[in-house]
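Comments concern the structure below.
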Amino acid sequence: MKNKDLQAILVTCITEYKEDFYRLAYSYVKNQEDALDIIQESIQKALVSLDRIQDPGSIKSWMYKIIVRTSIDFLRKHKRVSVTDDETLEFLSTGQEDTYTDMDLHEALDELPLTYRTIIVLRYFEDLKLEEIAEIMDEHLSTVKTRLYRGLKLLRINMTEEEQ
């Protein structure tokens, strides 16, 4: 297939699934600007390596794979540490403790290791099939199933611990 044809398919894919791609990137970085940067970098990577695509029908999965890897790379490069001065810390500590026992699902997901979180996000937030997730993650289907099961189990444990 010609490069122009692949570019047209890629542009159509990006246009059609832009919200899904953005949501996936945002699920990693929790920041609009960073998510948009990841999408931009992912599109650039896709355009540069477009000649490597063997099956034009799998461009969507291929883009998911690029976004997941770019997001993980971004997190590794930008490990954020927030430093708070004593005055701010004292101001924040004068309030009463929250009495909420429920933990937000997204917070619980953030505590999971990246491999489990990625599979859960792709499966339940992006509604991808396990076969597609295996292709995106370059893993065997059985590995994806096992990690999904373990990730859900860890998520359940995390949420149960927070309730107590």
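Quick notes
- Set 43, 9: member being crowded, with 18+ Cβ neighbours inside 10 Å, part of a helix (DSSP H, G or I) and β-branched (Val, Ile, Thr): 43
- For region 117-164, filtered to residues that are touching a helix residue (DSSP H, G or I) at 6+ places or on another chain (Cβ under 7 Å) and among the polar types (S, T, N, Q), the residue that is least open to solvent (accessible area, probe 1.4 Å) is 118.
- No other residue among 89, 6 is over 22 Å from the mean Cα position of the chain (by Cα) and modelled with pLDDT under 75 apart from 89.
- Residue in region 51-67 that is modelled with pLDDT of 90 or more, closer than 23 Å to residue 110 by Cβ and open to solvent by 80 Å² or more (accessible area, probe 1.4 Å) present: no
The values are calculated or read from the model by the stated rules, or taken from the named source; none is laboratory data. Worth saying up front: this structure is predicted, and the values here are computed from it rather than measured. Cβ atoms come from the backbone with ideal geometry, glycine included; neighbour counts cover every protein chain shown. Surface areas here come from the heavy atoms of the whole protein model, side chains and all, with no ligands, DNA or RNA. Shrake-Rupley method; radii C 1.70, N 1.55, O 1.52, S 1.80 Å.
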